[in-house]
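Taking it in order: structure first as structure tokens, then the write-up.
Laboratory data are not the source of any read-out in this text; all were calculated from the coordinates shown. Quick caveat: nothing in here was measured; it's all calculated off a predicted structure. When we count neighbours, we look across all protein chains shown, and the Cβ atoms used for this are built from the backbone with ideal geometry, even at glycine.
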Amino acid sequence: MSIAGADATVDAPRGLAGVIVTETELGDVRGGEGFYHYRQYSAVELAQSRSFEDVWHLMIRGSLPDAAQRAAFVAETAALRHLPDAVRDALPGIARAGARSGPLAGLRTALSLLGAAADFQPLYDIDPRQRGADALTASAAVPTVLTALYRIGQGLAPVEPRDDLPYAANYLYMLTGEEPDPARARAVERYLISTIDHGFNASTFTARVIASTGADLAACLAGAVGALSGPLHGGAPSRALDALDAIGSPDRIDAWIRERVRSGERIMGFGHPVYRTEDPRSRMLRDIARGFGGPLVDFAVQVEERVEALLAELKPGRELHTNVEFYAGVVMELCGLPREMFTPTFCAARVIGWSANILEQADDSKIIRPAARYVGPPPPQPVPAALN
């Protein structure tokens, strides 16, 4: 979309659906095919065969690492997990202030403080090397902040990160205080890899808009976290699991779904603004869940089948399938994550994609500045006299 002159405007569809706003080398989502990729590699295949650190390197450094590069990158990012004293000391107060809103809200404050403590400078004023260093610093700190805020909110002491554990295993260790079972750590790692990036979603676009102003990286990430906190974006995994609880048993599925659809309520975990076929992340997570097995998985599969059938009946032509949130909630529940940490866990992965997009946007000096159509009373109206 281009602007020809100072007063020229171009209409865009509601929600900017389908509007191309920039070019990117980071990846793409092909909704009609049920496929998405990171720098040309299938994201699902990466989740199946590579480590989180490998994909992090791919997104930030531009390539999958060889063995030597992997070892160096793992050591570099592990050392950055430890928080500056100013941030660590402030976490109890942040947790108390956000006792009702939770770790994700606290992360916004902590990121701002981290940016100040680490002396992040405006992207406009620093070179690509320093931008990349800031991105690694912030991304590595996010899991430490999130798990510490959660534990403090539960009346527990934060757990310091371990440099010898991979990203996902360390995240679970900081959350629970115990070294995780390898199968569950790998399941969470695969989930994290699959959610690193996903096209120009609301939070990624927010991060890039802020980056286009030349603001510092912490400001960009804080804005992205704010967008992610909305239930229509990153807040659905726990809500999808809450729906399973509300249904309760197979004999209640049809009545519960019909009532929700007829009342105009959204069924969390179903439908996606881009995919018109099965979400490939959902397919992968369903396979992971089935690998664990158990009553929750069996019930989730039953609900998925009936919901898709009923939505096809009640909303013909809409192509509403399970999205990533539905089985993400099931997998995280099976891996022992508390529900209030489902969306923060999503954030612990997406911070990598945000950072990659911020770095890419910082190379473009053009500020993102769209227009709006005024639809109020015709101006100019006479200004009423002030009341005595």
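Quick notes on this one:
- Förster radius 22 Å - calculated FRET efficiency between residue 368 and residue 266 (Cβ-Cβ, nearest 0.05): 0.15
- Comparing 244, 149, 107 in a Gaussian network model of the chain (Cα springs below 10 Å), the most mobile by mean-square fluctuation is 244.
- For the chain, built as a Gaussian network whose Cα springs stay under 10 Å, the top-fluctuating residue of 145, 324, 74: 74
- Percentage relative contact order, the chain, counting C-alpha pairs under 8 Å, at least six apart: 22 percent
- Computed over the range 303-388, the ratio Rg/Rh where both radii use C-alpha atoms and Rh is Kirkwood: 1.26
- Plainly put, the chain has a radius of gyration that is 0.99 times its Kirkwood radius, both from alpha-carbon atoms, as the Rg/Rh ratio.
- Shown is the FRET efficiency for residue 259 and residue 232, computed with R0 = 30 Å from the Cβ-Cβ distance and rounded to the nearest 0.05: 0.90.
- The range 345-367 and the range 37-70: distance between their alpha carbon centers, rounded to Å: 16 Å
- From the alpha carbon centroid of the range 90-153 to that of the range 207-267 is 22 Å.
- In the elastic network of the chain, a GNM with C-alpha springs shorter than 10 Å, the most mobile of 281, 131, 369 is 369.
- Cα pair distances exceeding 27 angstrom across the range 128-285, given as percent: 40 percent
- Theoretical gain in end-to-end length, residue 10 to residue 157 [0.36 nm per residue, Cα-Cα removed]: 47.5 nm
- Using only side-chain charges placed at the Cβ, +1 for Lys and Arg and -1 for Asp and Glu, the dipole size of the chain relative to its Cα centre rounds to 820 debye.
- At 0.692 mPa s and 37 °C, Stokes D of the range 15-63 from Kirkwood alpha-carbon radius, µm² per second: 273 µm²/s
- Near residue 135, once Lys and Arg are set to +1 and Asp and Glu to -1 for all other residues with Cβ below 14 Å from its Cβ, the sum equals -2.
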